[in-house]
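In what follows, a structure is listed as structure tokens, so that the remarks can point back to it.
Read-outs throughout are calculated quantities, based only on the coordinates presented, and are distinct from any laboratory measurement. What you see is a predicted model, and the numbers here were worked out from it, not measured in a lab. Positions of Cβ are backbone-derived with ideal geometry, glycine not excepted, and every protein chain shown enters the neighbour counts.
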Amino acid sequence: MLIVLSVGGSILAKELKPDSFQGYADVLKELSKEHDIIVVTGGGVAARDYINVARSTGANEVDCDFIGIDITRLNAKLLISALGDAAYHEPPKDYKEAQSVLSSGKIIIMGGVIPGQTTDAVAAILTEYLGADLLVISTAVDGVYSADPRKDPKAVKYETMTAKQLVDTVMKNEMKAGSKSPVDPLAAKIIERCNIETIVMEGSDPQNVLKVIMQEKKNDQKRKSVDLGTRIVN
Ligand code: UTP
């Protein structure tokens, strides 16, 4: 299968330690024995810190986004470094470049591409553009909840949900101050528009990502819930 994996910066670079990059690199090498993989890395705390300083010193929002993109690409470069020869040597700068380097047979690692979105949206667009079989969003929450579980004790986790339900849930949560959905609204809209086969899961232990993806068999898992997250069904 061709798989696009979005790894949130909050997972990969929570404390900027080598272990999380090495842990993901080991898992990606294992996955690449059976699958073609493209990874989109997020920016995490560093992106937020850099953006906050830029905003405070007068940068406009698009400039802040460019700074965020740079940080996501730095995280991509750290993951490339941990992968060594198994990875394509540079993060592609856009979707077309990602497509053209796919034929290298290497694991492709990239960050953000254009202002106004997050890396979840990059991953969703890439999945559609490349005709990938599966999008996996590895994030800090163990799936999609009816409300923000950190704020609402009555929030329930969806085992499976439709893309339309995902869009509605994400929009509802995003409207509440301080809430952050595990999938950003643009990514949710693209998943809905393009019927993208998607799993949202907690990825702080990369071995769980390996487990979930290894359980997937092309086209015969649809509509089944996953052990460790939420499956978006169409
Ligand atoms: P992230 O995708 O990391 O956003 O991009 P995030 O919501 O902070 O996700 P986590 O916490 O890592 O899971 C960091 C920032 O980079 C810019 C945006 O400003 C985003 O908030 N960015 C990223 C873009 O402008 N365009 C992109 O394509 C990607």
Length gain on complete extension for the stretch Thr162 to Ala147, per 0.36 nm per residue less the alpha carbon to alpha carbon distance? 3.8 nm
With a ≥ b ≥ c the root eigenvalues of the C-alpha gyration tensor of segment 24-119, is it rounded (a/c under 1.5), prolate (a/b larger than b/c) or oblate? prolate
Kindly provide the helix-only [θ] at 222 nm of the chain, computed as the sum of -39,500 (n - 2.57) over DSSP H runs of four or more divided by all residues, to the nearest 500 deg cm²/dmol? -13500 deg cm²/dmol
Where in segment 109-131 is the amide nitrogen less than 20 Å from a point lying 7 Å along the Cα-to-Cβ axis of Met1? 109-110, 120-131
Quick one: net charge of Ile71's neighbours, Cβ under 13 Å, K/R +1, D/E -1? 0
In nm, give the distance between the simple-model label positions of Arg193 and Asp227, each being 7 Å from the Cα along the Cα-to-Cβ direction. 3.6 nm
Nitroxide proxy distance, nm - points 7 Å out along Cα→Cβ at Asp85 and Ser100: 2.6 nm
Could you tell me which of rounded, prolate or oblate describes the chain, using a ≥ b ≥ c as the square roots of the eigenvalues of the alpha-carbon gyration tensor, with rounded for a/c under 1.5 and, failing that, prolate when a/b is larger than b/c and oblate otherwise? rounded
If packing is taken as the average number of other Cβ atoms within 10 Å across a peptide's residues, how do 92-102, 206-216, 74-84 rank, most packed first? 74-84, 206-216, 92-102
